[in-house]
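Contents: one structure, followed by commentary.
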Amino acid sequence: AGLNLPYVPRVAPLSLRGCLRRFTAPETLLEEEAWRCEGCAAMRRATKRVAVWRAPRILVITLKRFAFARSSRKVDRYVDFPLEGLDLAPFVAHAGGETGRADLTYDLFGVVNHFGAAGYGHYTAFVRDLFAVGGPGPWLRCDDSSVAEVP
């Protein structure tokens, strides 16, 4: 069963896997960020890459949804994410063995939504009990004190 959210994107959606690829892509630092080579003592432009060191049992991903320049604005670009089978292996430095988990596949069981602007707004959530007796339970919409099953 899928989770149908009442949202029609204005532009093509991003994928969560694409966001992770971009976040973990190698980046050449600027000239003013050069580092001193330990071998020859010359200043060198470095390349850095962010990676997840070890994968947790429960993965929480927070997307940056606000941009700050002269003023703040909400980034309302839709991000498509898999309900099941998010493979984190390409983004983890220590996959498997004694230093990490062998299975790096995650299933979604919660989404937090923010409605409003940078300084104010309202939060709702969609959650699912993946460990319910008889298999995963239904998706639930949580809004303050109201909890309702998602049709």
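Probe radius 1.4 Å, ligands and nucleic acids left out: which of 91, 81 has the largest accessible area, and how do the rest follow? Please list the in-between numbers first.
On the way: 91 15, 81 60 Å².
Correct descending sequence by accessible area is 81, 91.
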Inset, instruction - Please calculate the 1.4 Å probe accessible area of residue 59, with all protein chains present, and give it to the nearest 10 Å². - result: 50
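Can you work out the FRET efficiency for the pair residue 12 and residue 46, with r the C-beta to C-beta distance and R0 = 41 Å, to the nearest 0.05?
Details: r = 33 Å, r/R0 = 0.82.
Approximately 0.75, to the nearest 0.05.
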Inset, instruction - Compare 139, 53 by solvent-accessible area with a 1.4 Å probe and give them largest first, with all protein chains kept in place. - result: 53, 139
Legend entry - Cα gyration tensor, region 29-89 - rounded (a/c under 1.5), prolate or oblate: oblate
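The values are calculated or read from the model by the stated rules, or taken from the named source; none is laboratory data. Bear in mind the structure is a predicted one, so any value in this text is a computation, not a measurement. Glycine gets a Cβ as well: all are built from the backbone with ideal geometry, and neighbour counts include every protein chain shown. We work out accessible area using only protein heavy atoms, side chains counted, and drop any ligands, DNA or RNA first. Shrake-Rupley method; radii C 1.70, N 1.55, O 1.52, S 1.80 Å.
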